[in-house]
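The values are calculated or read from the model by the stated rules, or taken from the named source; none is laboratory data. Every value quoted in this text rests on a predicted model; they were computed, and no experiment measured them. Cβ coordinates were reconstructed from backbone atoms using ideal geometry, including for glycine residues, and neighbour counts include every protein chain displayed. What goes into the accessible areas is simple: the full protein's heavy atoms, side chains included, and nothing from ligands, DNA or RNA. Shrake-Rupley method; radii C 1.70, N 1.55, O 1.52, S 1.80 Å.
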Amino acid sequence: MGKSNNNLNIKKGIKTTFLGIFISFFLATIKIFTGIVGNSYALIADGIESLTDIFTSSIVLTGLYFASKPADEDHPYGHGKAEPFAGVAVAFGIFIAAMIIVVQSIYEIITPHHAPAPFTLIVLVMVIITKESLFRFVIKVGDDVKSVAIRNDAWHHRSDAITSAAAFIGISIALIGGEGYESADDFAALFASVIIIINAYRIFKPALYELLDTAPPANTIQKVRDVANKVENVMGIDKCYVRKMGFDYFVDIHVLVDANLPVFKGHEIAHKVKDELMKEDSNISDVLVHIEPFFKI
């Protein structure tokens with residue numbers, strides 16, 4: 001049941017990522033064309049940021065594909081690490097896009113040019129609404145399927161919305177201020193790049209933690225301990241380790257049982273603990289139960 005649920009999650013993630021790629025390509029084309037015609041580098045930079053959405057979303061798709069492959073002799077725990085690895089790659093993609101915008105924004109600031117055209121604001125309003133809506137949809141899917149790569153991809157869409165909002169403010173200032181304020185949209189692009197770098201770090205951190213097998217939140221581990229502790233003849237829980245591998249959780253738990261029980265009974269209890277944990281959470285792919293003797297006083 002767990003594997004079936006994970007396959008559905010992966011398919012849902014792939015469909016969501018494809019949707020993001022399609023929308024990002026459409027918006028990038030509009031923004032770059034409008035930026036060139038409307039003389040707005042902030043809008044062109046925004047279009048470049050949207051192009052990186054396509055690149056990073058493609059990385060997410062690749063990660064999801066490899067994460068969905070079943071375990072084999074060389075990868076007995078499956079290929080789940082491909083998913084957070086894709087998340088790290090997405091974070092680096094966002095950071096690189098931000099640095100490109102920083103360099104070009106500084107160049108535009110020191111280079112005299114005309115103020116942007118007013119119609120660029122209409123395009124930006126459309127972009128902001130579209131990207132923020134896409135962010136909310138994708139982040140919900142990422143939370144539902146517990147995918148760090150999809151959540152990171154969602155934040156990339158939020159970064160795109162931020163750059164568009166900054167561009168809108170900058171262009172508005174340039175148009176209202178008139179002569180001498182032509183570079184306002186370039187300063188806006190520079191400011192937006194700082195926000196994007198912060199977001200890149202924000203999404204890089206959890207992906208890296210998962211690659212390093214960092215323990216999940218305390219409430220997740222406590223839930224595992226509580227379920228195991230309720231199994232009949234379990235006298236207590238000694239150690240409990242949980243690690244995430246893509247969409248799957250792997251549990252290593254030490255269960256205390258009566259020291260005088262026969263081996264077959266301890267084996268039976270161990271299987272019961274494993275069954276209960278996997279029934280409680282379909283994302284738990286495997287449970288390794290260590291039986292420890294409990295001596296009654």
* Asked: Applying the selection to the stretch 244-255, what residues are surrounded by 17 or more Cβ atoms within 10 Å (Cβ to Cβ) and in a strand (DSSP E or B)?
  -> Lys244, Met245, Asp248, Tyr249, Phe250, Val251, Ile253, Val255
* Just for the stretch 262-280: of the residues that are aliphatic (A, V, I, L, M) and open to solvent by 60 Å² or more (accessible area, probe 1.4 Å), which one is nearest to Phe294 (Cα to Cα)? -> Val263
* Every pair of residues 6+ apart whose Cβ atoms lie under 8 Å, when the first sits in the stretch 225-240 and is closer than 12 Å to Leu277 by Cβ while the second is open to solvent by 70 Å² or more (accessible area, probe 1.4 Å) -> Val227/Glu280; Val231/Lys272; Ile237/Asn229
* To do: Mind listing just one residue for me: the one in the stretch 266-296 that is among the aliphatic types (A, V, I, L, M) and within 20 Å of Gln222 (Cβ to Cβ) and, of those, nearest to the chain's Cα centre (by Cα)?
  => Ile284
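So that you can scan it fast, the table gives a plain yes or no per residue for (1) within 29 Å of the chain's Cα centre (by Cα); (2) crowded, with 18+ Cβ neighbours inside 10 Å; (3) assigned to a helix (DSSP H, G or I); (4) at pLDDT below 80:
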residue: Pro112; (1), (2), (3), (4): no, no, no, yes
residue: Pro118; (1), (2), (3), (4): no, no, no, no
residue: Val127; (1), (2), (3), (4): yes, yes, yes, no
residue: Phe135; (1), (2), (3), (4): yes, yes, yes, no
residue: Val138; (1), (2), (3), (4): yes, yes, yes, no
residue: Gly142; (1), (2), (3), (4): yes, yes, yes, no
residue: Arg158; (1), (2), (3), (4): yes, yes, yes, no
residue: Ala189; (1), (2), (3), (4): yes, yes, yes, yes
residue: Lys205; (1), (2), (3), (4): yes, no, yes, no
* Which residue pairs have Cβ atoms closer than 7 Å, lie 6 or more positions apart in sequence or on different chains, and pair a first residue in the stretch 109-134 that is farther than 12 Å from Asn39 by Cβ and of a type in the set (Asp, Glu) with a second residue that is modelled with pLDDT under 85 and open to solvent by 20 Å² or more (accessible area, probe 1.4 Å)? -> none
* Asked: Which one is nearest to Phe204 (Cα to Cα), of the residues in the stretch 91-110 that are of a type in the set (A, V, I, L, M), out of contact with any Phe, Trp or Tyr (no Cβ under 7 Å at 6 or more places or on another chain) and surrounded by fewer than 22 Cβ atoms within 10 Å (Cβ to Cβ)?
  -> Ile96
* Asked: Yes or no: Lys239 open to solvent by 70 Å² or more (accessible area, probe 1.4 Å), outside any loop (DSSP other than H, G, I, E, B) and in contact with a His (Cβ under 7 Å, 6 or more places away or on another chain)?
  -> yes
* Structure fact -> In the stretch 135-150, residues that are in contact with a His (Cβ under 8 Å, 6 or more places away or on another chain) and without any contact (Cβ under 8 Å) to a residue 60 or more places away in the chain total 1
* Structure fact -> By residue number, the members of the stretch 256-281 that are β-branched (Val, Ile, Thr) and without any contact (Cβ under 8 Å) to a residue 12 or more places away in the chain are Val263
* Asked: Looking only at the stretch 39-69, which residues are modelled with pLDDT of 70 or more, surrounded by fewer than 23 Cβ atoms within 10 Å (Cβ to Cβ) and outside any helix (DSSP H, G or I)?
  -> Asn39, Lys69
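Report the residue count in the stretch 162-187 for those that are outside any helix (DSSP H, G or I) and either open to solvent by less than 50 Å² (accessible area, probe 1.4 Å) or closer than 13 Å to Thr120 by Cα (or both).
Adding up the residues that qualify gives 3.
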* To do: State the number of residues belonging to the stretch 207-236 that are in a helix (DSSP H, G or I) and either over 15 Å from Gly87 (Cβ atoms) or more than 14 Å from the chain's Cα centre (by Cα) (or both).
  => 12
